[in-house]
Each structure stands twice: as C-alpha cells, then as structure tokens.
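K.L.:
Just passing along the structure, written as structure tokens.
The values are calculated or read from the model by the stated rules, or taken from the named source; none is laboratory data. Not measured: the values here are computed from a predicted model. Using ideal geometry, Cβ is built from the backbone for each residue, glycine included, and neighbour counts are taken over all protein chains shown.
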Amino acid sequence: MAQRDRFTRFSHGVAHAAGRPLTFTIACVAILGWAASGPVFDYSETWQLVVNTSTTIITFLMVFILQNTQNRDGLAIQAKLDELIRAGAGENRFIRLEDMTEAEILALRRRCLAAAGRPAEAAEAAAAGGPSPPGPRATATGR
C-alpha cells in the first residue's frame, strides 16, 4: 500500500475521531487533571510547560491532518458538482470553475445574473469589481 493511501486513511480516521463528543470529553478531563495537579507540582514552570508543549504539538499536527481531509472533501464535492453539470442542463463551461481566475468567475457570475433577469445586480457587480450580491432582493410588494 502506498504511503499516500496510508496517510489518507490515517488523516480521515483522526479527523473523524477528533470531531466526536468523546474526544472532546477526554480533552476536557485531561485539562482538568492537569489543572488539579498544579498544587502537587507547586505550579512550576515544568508543570506549565507540559500542557503548553502538548497542546502546541497537537495543534500543529492537527492543522495538516484537517487540511488534508478538507482538501480531499473539497475535491470530492467539486467532482460531484462537475458530474451534475455534465449530466444535467448546466453549461459545461462551469466544470472546473474553481480553476479559473477571479475575474473570469466574476464575469460568469455577471452573465448568470443578467440571464436570470437581474441585470441591475449584474451592472452593480461589474461596477464594483467584486462579487455579486447573493440571492434575490425583496421589494415593497414582497415579490
């Protein structure tokens, strides 16, 4: 088995376990145990260093594990969306949209707003050079 496959399985397992209530409870109990042991160790620098070092190392490693999981999940979602666009009535130019530049994405967004009968919002987005406002706007009549 390739090392990449092992890491993928490991990171998925760790990310799944880290999000469970039992893991949170264990972490809380460990911190409470550490805090309760303070008087025994006279609140020494070594006593403080134990929790500081432990939490720093765990946080550092979890960043990479969770980022790996997030990257994989993002790729899976993009593949699913690409397949829905390919198989449905959507235009194929929206496949791999995440690889386009921001300007290209904004231009497509303006075209979609204009095609949806919202040219004013498309014009606002073009003038601002930023993303278009989300969702339809309510009018005084509620339509």
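K.L.:
Quick test for you: out of TRP47, TRP34, pick the one residue that is more than 30 Å from GLN70 (Cα to Cα) and either among the aliphatic types (A, V, I, L, M) or touching a helix residue (DSSP H, G or I) at 6+ places or on another chain (Cβ under 7 Å) (or both).
P.N.:
The unique qualifying residue is TRP34.
K.L.:
Same structure again: Quick check on my filter: what residues within the stretch 67-117 are among the hydrophobic types (A, V, I, L, M, F, W, C), surrounded by fewer than 11 Cβ atoms within 10 Å (Cβ to Cβ) and more than 17 Å from the chain's Cα centre (by Cα)?
P.N.:
Listed by number, the residues that qualify are ALA87, ALA89, ALA103, ALA115.
K.L.:
May I ask you to list the residues in the stretch 24-66 that are aromatic (Phe, Trp, Tyr), within 29 Å of GLY13 (Cα to Cα) and surrounded by 13 or more Cβ atoms within 10 Å (Cβ to Cβ)?
P.N.:
TRP34
K.L.:
May I ask you to list pairs of residues, at least six apart or on different chains, whose Cβ atoms are under 9 Å apart, with the first in the stretch 81-94 being over 14 Å from CYS112 (Cβ atoms) and the second being surrounded by 11 or more Cβ atoms within 10 Å (Cβ to Cβ) and of a type in the set (Lys, Arg)?
P.N.:
As it stands, the answer is ASP82/ARG96; ASN92/ARG86, since those pairs meet every condition given.
K.L.:
Let me ask something additional. Being among the aliphatic types (A, V, I, L, M), modelled with pLDDT under 85 and more than 30 Å from THR8 (Cβ to Cβ): is that true of LEU97 here?
P.N.:
For LEU97, the condition - among the aliphatic types (A, V, I, L, M), modelled with pLDDT under 85 and more than 30 Å from THR8 (Cβ to Cβ) - is not met.
K.L.:
Can you pull out every residue in the stretch 93-117 that is more than 22 Å from LEU75 (Cα to Cα) and assigned to a loop (DSSP other than H, G, I, E, B)?
P.N.:
ALA116, GLY117
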